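These notes concern the structure reproduced below.
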Ligand SMILES: Cc1cc2nc3c(=O)[nH]c(=O)nc-3n(C[C@H](O)[C@H](O)[C@H](O)COP(=O)(O)OP(=O)(O)OC[C@H]3O[C@@H](n4cnc5c(N)ncnc54)[C@H](O)[C@@H]3O)c2cc1C
């Protein structure tokens, strides 16, 4: 019998393999596509933030920052002596219209309780801090300017975690698990991302296709934060002389990962040009699409032991934030598996019972 088998070698499975191996567990990770062509993590925008509504998400965002900053030291291996995730700590800027201002003021109380270090300004003050933004219709905005938020290269991040997990003894094996009953292990962890339902039919996590556009603009503002305009849902950030911009329109039951090109003219470009007038001159240079592992119940993670099994744990449903939550979730699952309860960040609210009993606990700040 194996000690631990993790199904899915994406970012959640690999981070969990790292933390469990560090605790001396003998881990096998089974991944059906080791090129990760359609896995979510390589197609993500790489953002890490602490600007959420719910305290658990804020705390996981804070842990992500610590983990990423310490990555060169903690994930160093013989094979990868200088690990990096190419971090760009430009911060986040989230802008809210009058209809969401009250909700944001409540979120700020949670930021404060979690010592998130975010700053809040009135919409009318935006030009003073971000002179390239048109503040029309913005009631309030929150940002960080202390290198606590930003983005990373998801593939490098995954590679560094995998290399360290392997050095600690984890084995990554190619395989496609059709049914959990195929596995004979003391502990099983489902980290199957948006394909979780194939293994655990009662978990409402499904693939949700999102498109990201690449655009070029004569003016490049390198220091721009990852910016979300919550009045339209469009978000963007600089990338290598160009910009990446995400469409808030998503598709369930998509047949393929062809980008939804029509979103660009219909929504994304007008929204960008309205909010950042220099974007009127931009040119579309490319696009890609990827799947969010969407928890249809409440857009929040589902993590913990599955009550219908003796030895099955799971982590999925991150709905646009699984990359940044991977370190915190890997550590939390490891604590739960090795000690029977969460030790550092208590994420019991994300438990599996919640979704089995349809008790929604929505996280409103999905980008
Ligand atoms: C466009 C886009 C932008 C995003 N932006 C961000 C962002 O800025 N910040 C952020 O934190 N998150 C972001 N995300 C979300 C993030 O990418 C996901 O939440 C995260 O990758 C989920 O990690 P995972 O390991 O659960 O899933 P995945 O990365 O999809 O990995 C799951 C793996 O499991 C394997 N697998 C599944 N079923 C089986 C099986 N039965 N047998 C064997 N292997 C199996 C799959 O092949 C896959 O490799 C974004 C996602 C998209 C698509």
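The values are calculated or read from the model by the stated rules, or taken from the named source; none is laboratory data. Nothing here was measured: the structure is a model prediction, and the numbers come from that model. Cβ atoms come from the backbone with ideal geometry, glycine included; neighbour counts cover every protein chain shown.
Of note:
- Scanning the stretch 342-354 for residues that are farther than 17 Å from residue 59 by Cα and either out of contact with any strand residue (DSSP E or B) (no Cβ under 6 Å at 6 or more places or on another chain) or not assigned by TED's automatic domain parsing to the domain that holds residue 307 (or both) yields 353, 354.
- Flag if residue 132 is assigned by TED's automatic domain parsing to the domain that holds residue 228 and over 22 Å from the mean Cα position of the chain (by Cα): yes
- Some residue of the stretch 75-87 being within 20 Å of the chain's Cα centre (by Cα), under 30 Å from residue 105 (Cα atoms) and either more than 7 Å from the ligand (Cβ to nearest atom) or part of a loop (DSSP other than H, G, I, E, B) (or both): yes
- Qualifying residue in the stretch 192-212 (condition: within 30 Å of residue 78 (Cβ to Cβ) and in contact with a strand residue (DSSP E or B) (Cβ under 8 Å, 6 or more places away or on another chain)): yes
- In the set 157, 213, 172, only one residue is modelled with pLDDT of 95 or more, within 12 Å of the ligand (Cβ to nearest atom), more than 22 Å from residue 318 (Cα to Cα) and touching a helix residue (DSSP H, G or I) at 6+ places or on another chain (Cβ under 8 Å); that residue is 172.
- Scan of the stretch 26-43 for residues that are part of a loop (DSSP other than H, G, I, E, B) and near the ligand (Cβ under 6 Å from one of its atoms), ordered by number: 32, 33, 36, 39, 40
- Failed criterion for residue 46 (all others in (1) more than 11 Å from the ligand (Cβ to nearest atom); (2) surrounded by 24 or more Cβ atoms within 10 Å (Cβ to Cβ) hold): (1)
- Among the candidates 286, 320, the residue that is in a loop (DSSP other than H, G, I, E, B) and touching a strand residue (DSSP E or B) at 6+ places or on another chain (Cβ under 6 Å) is uniquely 320.
- Within this structure, residue 171 passes the test of being under 28 Å from residue 20 (Cα atoms), surrounded by fewer than 19 Cβ atoms within 10 Å (Cβ to Cβ) and more than 21 Å from the chain's Cα centre (by Cα).
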